[in-house]
Amino acid sequence: MTTLYGIQYLRALAALAVVFFHAGERSGHALAIGAAGVDVFFVISGFIMWVIVARRPVSPGCFLAERLRRIVPVYWLATGAMVAGALLGLFPNLALTAEHLLASLFFVPLPSPSSGEIWPLLVQGWTLNYELFFYAVFAACLLLPARMRLAAVAAIFLGLVTLGLTVTSDNPLFVTYTRPIILEFVAGMLIGRLWLTGRVQGKGLGLALVTLSLAGFAVIGLLRLPFDEWTCGPLAAMLVYGTAALEREGGVPHLRLPALLGDASYSIYLWHTFAISVVAKAGVTLGLAPPLVFIAAVLAGVLSGLAGYRLIERPLLRGFSGKRRTDAARRAVAAEG
């Protein structure tokens, strides 16, 4: 699919927001609203999956294989780095158990023995549990006629959220997959469908929605208001819809640095906490002022993600891409023979 640079820039913005959130945590700054980057990621994910499959139909098995190749190898490497760090004593508060490690590697929600929260070893990997669940449901719905897929995913997720609002349970799977946050994927799919059918239009509307969304996030952050998926989900959907409208109106210009940060957003998301932890500890040791620690932590987090993208993620993706082309060529030769 043709690169939608506006969506790429939103991926960069979402990743940076999460970096700001974690850097703020470690340097004494309250930037809790940065966590809303996850809401933006989920809406973008629904949008991209819908547009990709609509433009290039694929079987459920191939869809899942492509998503697993994209998500799993880098995540496992990052999780392995956490395990290695814990074994070397770099993360003294991290408790390791075989059960939690396996659950983390295979995207099964399970309480952490370190905190009791339903987090994997690599804490930010909790969002990948939702991503993989969405991919599984989306893949299953690919068996349906195209006109029924959005309604099917929406019905499943609405049913789960309704169940979560009416039934009380401590089961980690139930608690995780009945949260209203899963509706953000549906919102993204709906925006993707509207965009493909030409019903997302209007530069003025797009600018208004983007401005209102960013203003909403800013108000929450500046006034330190409570927030959750019920508030941030609609704001994230407005942001993606508005950006899609701008894409429809002649497109969005290609800016190299934001586009690079968008490309590297997954690696930034996975690797930034390692660098932030190192910088935060060094800042305390050196007695640096919190604002300096925050700035250094943000820069280190972003640079570590860019390095991970250049040195790990991109080579892996190229390797998988080359293997698929080779396999396809072999099948073609066999068919001709």
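Descriptive notes on the structure:
- The condition (being under 17 Å from the mean Cα position of the chain (by Cα) and among the basic types (Lys, Arg)) is satisfied by just one residue among Arg69, Arg55: Arg69.
- Test: Thr243 is within 19 Å of the chain's Cα centre (by Cα) and either open to solvent by less than 30 Å² (accessible area, probe 1.4 Å) or hydrophobic (A, V, I, L, M, F, W, C) (or both): yes
- Here Glu25, Glu99 are screened, and the one residue that is part of a helix (DSSP H, G or I), acidic (Asp, Glu) and at pLDDT 95 or above is Glu99.
- Test: residue in the stretch 200-223 that is over 17 Å from Ile7 (Cβ atoms), free of Cβ contacts under 8 Å to residues at least 24 places away in the same chain and not in a helix (DSSP H, G or I): no
- Selection count where residues are over 22 Å from Ala15 (Cα atoms) and either in contact (Cβ under 8 Å) with a residue 24 or more places away in the chain or more than 29 Å from the chain's Cα centre (by Cα) (or both), scope the stretch 278-289: 7
- Considering only residues in the stretch 160-199 that are charged (D, E, K, R) and part of a loop (DSSP other than H, G, I, E, B), the one that is surrounded by the most Cβ atoms within 10 Å (Cβ to Cβ) turns out to be Arg179.
- Leading residue by the ranking (surrounded by the fewest Cβ atoms within 10 Å (Cβ to Cβ)) among those in the stretch 1-18 that are aliphatic (A, V, I, L, M) and in a loop (DSSP other than H, G, I, E, B): Met1
- Residues satisfying the stated conditions in the stretch 112-128, i.e. farther than 26 Å from Val19 by Cβ and in contact with a Pro (Cβ under 8 Å, 6 or more places away or on another chain): none
- Restricting Leu316, Leu303, Leu286, Leu261 to residues that are open to solvent by 30 Å² or more (accessible area, probe 1.4 Å) and at pLDDT 95 or above narrows the list to Leu303.
The values are calculated or read from the model by the stated rules, or taken from the named source; none is laboratory data. All of these numbers come straight from a predicted model, not from anything done at the bench. Here Cβ is always computed from backbone atoms with ideal geometry, including for glycine, and neighbour counts include all displayed protein chains. Calculation scope for accessible area: heavy atoms of the full protein, side chains included, ligands and nucleic acids excluded. Shrake-Rupley method; radii C 1.70, N 1.55, O 1.52, S 1.80 Å.
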